[in-house]
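Only one structure is covered here, and it is reproduced in the block below.
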Amino acid sequence: MDRMLALRATALLALSLALACGDDPEDAVLPPDVDRPTNATCLAQPPPPPDGRARLERVAPELAGSLARGLTAATLPAPGLPGFATLQQGRIVRFGDDGASVALDLDGRIDLSLGEDGLLRLALAPAFAANG
């Protein structure tokens with residue numbers, strides 16, 4: 001009985017898909033972002049190597065050593081702008097071609113008693129590139 005029900009459900013699904021996919025391009029359902037303007041500032045990362053193996057690449061050598069301990073998030077530098085990293089214990093580190101420095105230190109004000117707390121993310125204003 002269950003097999004018959006499964007066959008009927010499969011046939012119904014196939015029929016509904018066939019009816020939904022007409023030959024007329026005017027009937028095509030377009031994705032919701034077809035008319036969305038292109039965002040030139042949001043660029044996709046290059047695809048992984050064709051052999052499927054992942055590789056690590058150091059992108060911010062300024063964040064090595066003790067500055068990398070407790071790293072929770074990073075915004076990579078853009079041309080003419082610094083990058084920022086958040087450290088769980090409460091520091092925001094500014095880094096770029098000129099090295100790295102602590103931009104804001106909230107250490108001592110952050111409660112880390114539960115282990116999952118701390119400074120986890122940083123949100124920059126949409127116009128940050130223009131007004132810093």
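Key figures for this structure:
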quantity: Burial order of peptide ranges 93-99, 122-128 (average beta-carbon count within 10 Å, highest first); calculated: 93-99, 122-128
quantity: At R0 = 22 Å, FRET efficiency that the Cβ-Cβ distance of Ala130 and Ala103 yields, to 0.05; calculated: 0.75
quantity: Accessible-area value, Leu104, 1.4 Å probe, nucleic acids and ligands omitted, Å²; calculated: 80
quantity: Efficiency of FRET between Ile110 and Arg58 - r from beta-carbon atoms, R0 35 angstrom, step 0.05; calculated: 0.80
quantity: Overall form of segment 55-132 per C-alpha gyration tensor (a/c, 1.5; a/b vs b/c); calculated: oblate
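The values are calculated or read from the model by the stated rules, or taken from the named source; none is laboratory data. Everything numeric in this text was worked out from a predicted model, so none of it was measured. All Cβ positions, glycine included, derive from the backbone under ideal geometry; neighbour counts span all protein chains shown. With ligands, DNA and RNA removed, areas are computed over all heavy atoms of the protein, side chains included. Shrake-Rupley method; radii C 1.70, N 1.55, O 1.52, S 1.80 Å.
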